[in-house]
Amino acid sequence: MTNHPEFLDHPGNAALLAGRQGEYLLPSAAPVQLITTDGTAHTVGKYKQDYPLPNAATLLEGYGQLVLGRRINEQAGALVRQGRMAVYPSSFGQEACQVAAYMTLRRNDWLFGTYRDTVAVMGRGVKPMEAFESLRGDWHSGFDPYEYNTALPTTSLATQLPHAVGVAHAAKLRGEDTVVLALCGDGATSEGDFHVALNFAAVFHVPVVFLIQNNQYAISVPLIHQSVAPSLAHKAIGYGMPGERVDGNDLAALLAVVGSAVERARNGGGPALIEAHTYRMESHTNADDATRYRSSEEVAQWLPKDPLLRLKKYLHDAGHLGSADAERFADAADAVAKTLRDGMNTKSNPDPLDMFRYVYSKPTSQLREQSNMLAAELAAAQQGGAS
Amino acid sequence: MTVTAVNQAELAGVQQLTFAKALTLALNDAMVADASVIVFGEDVGTLGGVFRVTDGLRARFGEERCFDTPLAESGIVGMATGMAINGMRPVVELQFDAFAFPGFEQIVSHVAKMGNRTRGNIRLPLVIRIPYAGGIGGVEHHCDSSEGYYVHTPGLTVLTPSSVEDAYILLRDAIASPDPVVFMEPKKLYFSKGTVDLDALRARYTPASERGGATTAPSSIGHAAVIREGTDATLIAYGPSVAPALAAAETAATEGRSLQVLDVRSLVPFDDDTICAAVRSTGRVVVIAEAPGFASMASEIAARIQERCFHSLAAPVLRVTGFDIPYPAPKLEQHYLPGVDRILDAVDKLQWEES
Ligand SMILES: Cc1ncc(C[n+]2csc(CCOP(=O)(O)OP(=O)(O)O)c2C)c(N)n1
Ligand SMILES: [Mg+2]
């Protein structure tokens, strides 16, 4: 383990290291599951640490969020099919990961995600049309990251992970208790920045929780072509941070596992790596055709593992989910879906001169010149059109 | 006795300094002025950097503000990006030009684009210091002139000092800038010496309260400087090529030709006004740069001059640059580097017979 003199100089580090050997860093033998696919709750004591079942109120709220997330995915998919939106990388089937990613965070924490994490971004409070502005093609972003402590989704795989480490490092230096949650896909774990970010996070002992949504594919390439490690969570021990595996379609387990890592990080326990086993039920994006690389039988196997089904059944059987709740959740989801439909049906009008405004805090003389040129072209076109 | 930043901080008034020490003082003074300025990279802590530019900073400011990172340039730049998002002003050192390349994706895809993609909501006040260029007998991957990649990337400010005084001023201005700066330090100048008035330099910056020690004097960013007056032709150079340009002008003077020398200093933003004014005053131009000339900063300068000053030109703009080859081995670099003779040969070709 780390015996870097500077690291050991820190008071408390020796004690910290003592608790972070072998077994503790390895994930549980099987992914943590608290509610089975048939909606019954597991007993505790099966995993490397006890993960108590979240309380009924939390699970009920979580279920409402799953309903909302599913509705966002369905609505966005429909808008893409109708040609109102250029592209949508869907998290259909992965909603439990999305919901856990924001339900375990506080307002002052930070979330770093990818193109697939629109639902999680909205869970941070980002308004529907702000979250979808980039997907509509108006600009590369639609919200101010500082307003929600949520980074813009990143498409360059794994490159957001070192940023998450930096945000956490800055917070730590200032003595703040911010935690950063960083999302990536299974394929992204092969990128250099995945390795770099985990190593930096561990060496600087910063409060970042890395959550891999292992949805089994990177576009068409199955996980076996990315890694032959026993699991992606096993990679954690190589960095000296704890790893854990969790059923990524079990919101209860995700809230428990991610929540515990977030709170450990908040209390100075350092980073963690969590692998959530889930499945991308739809194609990579609408531009992709998943039938070229996987069978419908394979997809069908995941249908009964759906994150909504089991939590609904559990809550219903336990008497926590009344028809009033179900109605309330559906109404809230419908309202968001309507906002999305209305928003996408409104013609947007991005200002071409914005292209020059933000490149530098003050446009250079060259950009002013180019902006003036475009402005003149636009004015001429308008005059030409008017005459 | 080695001079550490701690006693350097006590340095004041008129001093003779090396280029490297001027950079150290700029870092030191910025760190004193603003607690959010932090320095990290490879070997910058205990060792003080392989060129000793961060010498003494660790001792003075502690390991939280000057520290070594694991060896991963994308991690250095990526973490700096995150820290800048979250209120810090990181100044990172990438050890050598060619070893900045593992950080290139972070620089191009994130550092350069962050302001634009967030509609100005996130500005990244970070400085990426890169020792660059040759002339030091360095082995492979230690002598690249990589400025072309950065100047070609919209969103980056690219500065390169060529004098001890500018080393201090440009670095302080880079740290004070709200935008990310790629700060390119010509290696062969690190141990060159110059005399500066530290009190006057420091007076350009306001004290502690201002983030990064914001400038009171006009920023050097976007400003070229005429560093030698002359009337017959203009030599335009930057960074490591300024010294040979000055030497060429000196030699030319003994031969009765008066050459003006202009130091670009700020590659981006580019100072069209100062450069065009200089060109118009002489009508003849040679652009000098160490990087391979093809599709380079030198090409850009030549193109801009012909677009803007065509009617003032008595001859085509000529370039004296590195050859279009990978940087040569130490025993061959003398043939590669633009030197006085090659510069004067170019000057001779500026169609004097027609004037
Ligand atoms: C650096 C980089 N290389 C390639 C791509 C193209 N690309 C986009 S998504 C993707 C697959 C990513 O798979 P994974 O990390 O598992 O995430 P998922 O899409 O399954 O959520 C690829 C190859 C990219 N965005 N960035
Ligand atoms: Mg995947």
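The values are calculated or read from the model by the stated rules, or taken from the named source; none is laboratory data. Small disclaimer: the values here were computed from a predicted structure and weren't measured. Quick reminder, even Gly has a Cβ in these numbers, built from the backbone with ideal geometry, and neighbours come from all protein chains shown.
Take the conditions more than 18 Å from A:G185 (Cα to Cα) and either within 11 Å of chain B (Cβ to nearest Cβ) or surrounded by 21 or more Cβ atoms within 10 Å (Cβ to Cβ) (or both) and apply them to A:V167. Does it pass?
Spelling it out, A:V167 is indeed more than 18 Å from A:G185 (Cα to Cα) and either within 11 Å of chain B (Cβ to nearest Cβ) or surrounded by 21 or more Cβ atoms within 10 Å (Cβ to Cβ) (or both).
Consider the range A:125-164. How many of its residues are within 7 Å of chain B (Cβ to nearest Cβ), outside any helix (DSSP H, G or I) and under 27 Å from B:A35 (Cβ atoms)?
Here the count works out to 1.
Considering only residues that are touching a residue at least 24 places away in the same chain (Cβ under 8 Å) and more than 19 Å from the chain's Cα centre (by Cα), which ones fall in the range A:239-265?
A:Y239, A:G240, A:M241, A:P242
Would you say A:D250 is modelled with pLDDT under 95 and either under 23 Å from A:D109 (Cβ atoms) or out of contact with any Pro (no Cβ under 6 Å at 6 or more places or on another chain) (or both)?
For A:D250, the condition - modelled with pLDDT under 95 and either under 23 Å from A:D109 (Cβ atoms) or out of contact with any Pro (no Cβ under 6 Å at 6 or more places or on another chain) (or both) - is not met.
Can you find, within the range A:271-289, the residue that is farthest from ligand 1 (Cβ to nearest atom) among those that are more than 13 Å from A:N215 (Cα to Cα) and surrounded by fewer than 21 Cβ atoms within 10 Å (Cβ to Cβ)?
A:D289
Do you know which residues across the range A:32-71 are free of Cβ contacts under 8 Å to residues at least 60 places away in the same chain and either exposed (fewer than 14 other Cβ atoms within 10 Å of the Cβ) or of a type in the set (A, V, I, L, M) (or both)?
Within the range A:32-71, A:T43, A:V44, A:G45, A:D50, A:N55, A:A57 qualify.
More than 13 Å from ligand 1 (Cβ to nearest atom) and in a helix (DSSP H, G or I): does that describe A:L181? Even if it seems obvious, please write down each step before you answer.
On the way: more than 13 Å from ligand 1 (Cβ to nearest atom): yes; in a helix (DSSP H, G or I): no.
The answer is no for A:L181.
Quick test of your reading of the structure: B:E63 fulfils all but one of (1) of a type in the set (D, E); (2) within 13 Å of chain A (Cβ to nearest Cβ); (3) over 21 Å from B:F104 (Cα atoms); (4) touching a Leu at 6+ places or on another chain (Cβ under 9 Å). Name the failing condition by number.
With respect to (1) of a type in the set (D, E); (2) within 13 Å of chain A (Cβ to nearest Cβ); (3) over 21 Å from B:F104 (Cα atoms); (4) touching a Leu at 6+ places or on another chain (Cβ under 9 Å), B:E63 is out only on (4).
Kindly indicate which of A:E282, A:E244, A:E298 is in contact with an Asp or Glu (Cβ under 8 Å, 6 or more places away or on another chain), among the charged types (D, E, K, R) and farther than 16 Å from A:M103 by Cα.
A:E244
Given B:G56, B:G48, B:G75, which one is touching a helix residue (DSSP H, G or I) at 6+ places or on another chain (Cβ under 9 Å) and within 11 Å of chain A (Cβ to nearest Cβ)? Give the derivation first.
Values: B:G56 fails: within 11 Å of chain A (Cβ to nearest Cβ); B:G48 fails: within 11 Å of chain A (Cβ to nearest Cβ).
Testing whether each residue is touching a helix residue (DSSP H, G or I) at 6+ places or on another chain (Cβ under 9 Å) and within 11 Å of chain A (Cβ to nearest Cβ) leaves just B:G75.
Under the condition of being in contact with a helix residue (DSSP H, G or I) (Cβ under 7 Å, 6 or more places away or on another chain) and within 13 Å of ligand 1 (Cβ to nearest atom), which residue from the range A:204-217 is nearest to the other protein chains (Cβ to nearest Cβ)?
A:F210
Within the range A:170-215, track down each residue that is within 15 Å of ligand 2 (Cβ to nearest atom), surrounded by fewer than 24 Cβ atoms within 10 Å (Cβ to Cβ) and acidic (D, E).
Within the range A:170-215, just A:E191 meets the criteria.
Just give me the residues in the range A:251-298 being of a type in the set (K, R) and out of contact with any strand residue (DSSP E or B) (no Cβ under 8 Å at 6 or more places or on another chain), in sequence order. Walk me through it before giving the result.
Going residue by residue through the range A:251-298, those that are of a type in the set (K, R) are A:264, A:266, A:280, A:292, A:294.
Across the range A:251-298, the qualifying residues are A:R266, A:R292.
Counting residues that are among the charged types (D, E, K, R), within 14 Å of the chain's Cα centre (by Cα) and more than 15 Å from A:Y360 (Cα to Cα), which strands (runs of 3 or more DSSP E) fully inside the range B:120-204 reach at least 1?
Hits in the range B:120-204: B:127-132, B:181-186.
Tell me, yes or no, whether the range A:41-62 has at least one residue that is out of contact with any His (no Cβ under 9 Å at 6 or more places or on another chain), at pLDDT 95 or above and over 15 Å from A:L254 (Cα atoms).
no
Give the range B:104-115 a look and list any residue that's facing chain A (nearest Cβ under 10 Å), touching a residue at least 12 places away in the same chain (Cβ under 8 Å), farther than 13 Å from B:D179 by Cα and not β-branched (V, I, T), or say none.
B:E105, B:Q106
Yes/no matrix, rows are residues, columns are (1) within 15 Å of ligand 1 (Cβ to nearest atom); (2) among the charged types (D, E, K, R); (3) closer than 26 Å to B:A72 by Cβ; (4) assigned to a loop (DSSP other than H, G, I, E, B):
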{"position": "A:H195", "(1), (2), (3), (4)": "yes, no, yes, no"}
{"position": "A:A202", "(1), (2), (3), (4)": "no, no, yes, no"}
{"position": "A:I224", "(1), (2), (3), (4)": "yes, no, no, no"}
{"position": "A:S227", "(1), (2), (3), (4)": "yes, no, yes, yes"}
{"position": "A:K235", "(1), (2), (3), (4)": "yes, yes, yes, no"}
{"position": "A:A252", "(1), (2), (3), (4)": "no, no, no, no"}
{"position": "A:L255", "(1), (2), (3), (4)": "no, no, no, no"}
{"position": "A:E263", "(1), (2), (3), (4)": "no, yes, no, no"}
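Do we find that A:P222 is more than 12 Å from ligand 2 (Cβ to nearest atom) and either out of contact with any Ser or Thr (no Cβ under 8 Å at 6 or more places or on another chain) or not assigned by TED's automatic domain parsing to the domain that holds A:D306 (or both) in this structure?
On the way: more than 12 Å from ligand 2 (Cβ to nearest atom): no; either out of contact with any Ser or Thr (no Cβ under 8 Å at 6 or more places or on another chain) or not assigned by TED's automatic domain parsing to the domain that holds A:D306 (or both): yes.
So A:P222 fails the test.
Okay, residues lined up against (1) within 14 Å of chain B (Cβ to nearest Cβ); (2) surrounded by 15 or more Cβ atoms within 10 Å (Cβ to Cβ); (3) in contact (Cβ under 8 Å) with a residue 40 or more places away in the chain:
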| site | (1), (2), (3) |
| --- | --- |
| A:T339 | no, yes, yes |
| A:D342 | no, no, no |
| A:K347 | no, no, no |
| A:L353 | yes, no, no |
| A:F356 | yes, yes, no |
| A:K362 | yes, no, no |
| A:A376 | no, no, no |
| A:A381 | no, no, no |
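Being more than 11 Å from chain B (Cβ to nearest Cβ), more than 16 Å from ligand 2 (Cβ to nearest atom) and either part of a loop (DSSP other than H, G, I, E, B) or among the aromatic types (F, W, Y) (or both) narrows it down to one residue among A:R107, A:R116; which is it?
Going through A:R107, A:R116 in turn, the sole match is A:R107.
Give just the number: which of (1) at pLDDT 95 or above; (2) surrounded by fewer than 22 Cβ atoms within 10 Å (Cβ to Cβ); (3) assigned to a loop (DSSP other than H, G, I, E, B) does B:A208 not satisfy?
(1)
So that you can scan it fast, the table gives a plain yes or no per residue for (1) closer than 22 Å to B:S109 by Cβ; (2) outside the structural domain of A:A171 (by TED's automatic domain parsing); (3) within 11 Å of the chain's Cα centre (by Cα):
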residue: A:P89; (1), (2), (3): yes, no, no
residue: A:A96; (1), (2), (3): no, no, yes
residue: A:M103; (1), (2), (3): no, no, no
residue: A:R106; (1), (2), (3): no, no, no
residue: A:L111; (1), (2), (3): yes, no, yes
residue: A:G123; (1), (2), (3): no, no, yes
residue: A:A131; (1), (2), (3): yes, no, no
residue: A:P153; (1), (2), (3): yes, no, yes
residue: A:T159; (1), (2), (3): yes, no, no
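Which residue out of A:A276, A:A236, A:A229 is away from every other protein chain (no Cβ under 14 Å), more than 15 Å from ligand 2 (Cβ to nearest atom) and within 30 Å of A:A171 (Cα to Cα)? Break it down stepwise before answering.
Values: A:A276 fails: more than 15 Å from ligand 2 (Cβ to nearest atom); A:A229 fails: within 30 Å of A:A171 (Cα to Cα).
Being away from every other protein chain (no Cβ under 14 Å), more than 15 Å from ligand 2 (Cβ to nearest atom) and within 30 Å of A:A171 (Cα to Cα) holds for just one of A:A276, A:A236, A:A229, which is A:A236.
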